[in-house]
Amino acid sequence: MHWTGKVQPVAFTIFGRDIAWYGIIITTAMLIGLITAILLAKKTKLKSDDLLEAFLIAIPMAIIFARLGYVIVRPYEYYVIEGFDFEDFINIFAVWDGGLTIITGAPGGILGAYLWSRWRKVDFIRLADTIICVMLLSQALGRWGNFFNQEIYGAEITNPKWQFFPAAVYIAREGGFYQATFFYEMVLNLIGFGIMLYISRRLLVRGHGIPLYAITYGTIRFILEFMRDDGDLYEVVNFTQIILGVVVAASIAILVYLIMREKKKGNRIWYAKGIPDKLIKPVKYAIYKEGKTDY
């Protein structure tokens, strides 16, 4: 038995309720994302209390959307089953057991942040340009929850030379080594976070954040879909990749349009040493009319 096969999904038990590592890691990843967002948003004069409030709305919506996205494509596992009862109904919402889809969770979180922005009169577009990269950071850290749940892995590794972590991960229920897809995604997400952070601090183009995130994560996920073969509805991967391809292509078109629009205005869009502080305006109490919330 290898050390990677001795993973226990439950961290500890309180009052008869098991506390899973998955939940602990996801929560920790969210908190780290929040702290990072607070640090990044300082130049926009947005207070930490504001971002905390935004996260308290965005995170639940992200979880709801992520769970719905996971369950909807698995009807015969969750709700179209013989003898469907109340326990099966509760299982649909059992996020503590794992089963969250980032592809649908990310839009849910963005929608939550948008609704908060409208409520608090915050320029959502510029706020997204500043902090949306932290989503990749949180996603990267959250992937360790999949390690403890022994999920998100690829094809079996039969060559003994590659049967070690992180090249492969031992899956106890399968009794063998498999591609550590969760780890590959974690690394790529961290790289994507670094790239997005670098660009967002230098690219002065209003609205670049969301399409850049969609391009970055969409590309990562498109590539890794080829390696996801853990019984996780692999037969619909082609459909998933088509959706991802459309989203990435549309996001590239939007980003190119935004850049060309700024260039036609004669505006400088790239600052190699970072965007000067004098060009960074507060995002709160923005006017939502076109052309009046520019940098």
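Scanning for something farther than 23 Å from Asn146 by Cα and at pLDDT 80 or above, does region 13-22 turn up at least one residue?
Yes, region 13-22 contains a residue that is farther than 23 Å from Asn146 by Cα and at pLDDT 80 or above.
Picking from Thr101, Thr44, Thr28, which residue would you name as being in contact (Cβ under 8 Å) with a residue 40 or more places away in the chain, of a type in the set (Ser, Thr, Tyr), surrounded by 13 or more Cβ atoms within 10 Å (Cβ to Cβ) and within 23 Å of Ala128 (Cβ to Cβ)?
Result: Thr44 is the single residue among Thr101, Thr44, Thr28 that is in contact (Cβ under 8 Å) with a residue 40 or more places away in the chain, of a type in the set (Ser, Thr, Tyr), surrounded by 13 or more Cβ atoms within 10 Å (Cβ to Cβ) and within 23 Å of Ala128 (Cβ to Cβ).
Kindly evaluate Gly192 against the criterion of being touching a Phe, Trp or Tyr at 6+ places or on another chain (Cβ under 8 Å), under 28 Å from Thr28 (Cα atoms), part of a helix (DSSP H, G or I) and among the small types (Gly, Ala, Ser).
Answer is yes for this residue.
Look at (1) crowded, with 22+ Cβ neighbours inside 10 Å; (2) closer than 15 Å to Ile63 by Cα and you find that Cys133 fails only one, number (2). Of the residues Gly33, Gly83, Gly16, the single one that is under 26 Å from Phe222 (Cα atoms) and either surrounded by fewer than 13 Cβ atoms within 10 Å (Cβ to Cβ) or in contact (Cβ under 8 Å) with a residue 24 or more places away in the chain (or both) is Gly33.
Scanning region 124-141 for residues that are among the small types (Gly, Ala, Ser) and more than 30 Å from Tyr114 (Cβ to Cβ) turns up nothing. Please work out if Val283 is modelled with pLDDT under 95 and closer than 22 Å to Lys45 by Cα. So Val283 fits the description; yes. Among the residues of region 141-178, those identified as touching a strand residue (DSSP E or B) at 6+ places or on another chain (Cβ under 6 Å) and of a type in the set (S, T, N, Q) are Gln150, Gln163. When the criteria are applied in full, Leu68 meets the requirement of being out of contact with any strand residue (DSSP E or B) (no Cβ under 9 Å at 6 or more places or on another chain), at negative phi and surrounded by fewer than 21 Cβ atoms within 10 Å (Cβ to Cβ). Which of the residues spanning region 66-81 are part of a loop (DSSP other than H, G, I, E, B) and either within 14 Å of Ile102 (Cβ to Cβ) or within 24 Å of the chain's Cα centre (by Cα) (or both)? Passing the criteria: Val73, Arg74.
Would you check which residues across region 167-196 are surrounded by fewer than 17 Cβ atoms within 10 Å (Cβ to Cβ), of a type in the set (A, V, I, L, M) and within 16 Å of the chain's Cα centre (by Cα) and list them? Give the steps one after another, and end with the answer.
Start the filter on region 167-196 by keeping residues that are surrounded by fewer than 17 Cβ atoms within 10 Å (Cβ to Cβ), which leaves 167, 172-176, 187, 190-191, 194-195.
Of the ones still in play, those that are also of a type in the set (A, V, I, L, M) are 167, 172, 187, 190-191, 195.
Val187, Leu190, Ile191, Ile195 - these are the residues of region 167-196 that are surrounded by fewer than 17 Cβ atoms within 10 Å (Cβ to Cβ), of a type in the set (A, V, I, L, M) and within 16 Å of the chain's Cα centre (by Cα).
Among the residues of region 254-274, write down those that are of a type in the set (A, V, I, L, M, F, W, C) and either touching a Ser or Thr at 6+ places or on another chain (Cβ under 9 Å) or free of Cβ contacts under 8 Å to residues at least 60 places away in the same chain (or both).
Ile254, Leu255, Val256, Leu258, Ile259, Met260
The values are calculated or read from the model by the stated rules, or taken from the named source; none is laboratory data. Note that the structure is a prediction, hence the values are computed from the model and not measured. For neighbour counting, all protein chains shown are included, and Cβ atoms are generated from backbone atoms with ideal geometry for every residue, glycine included.
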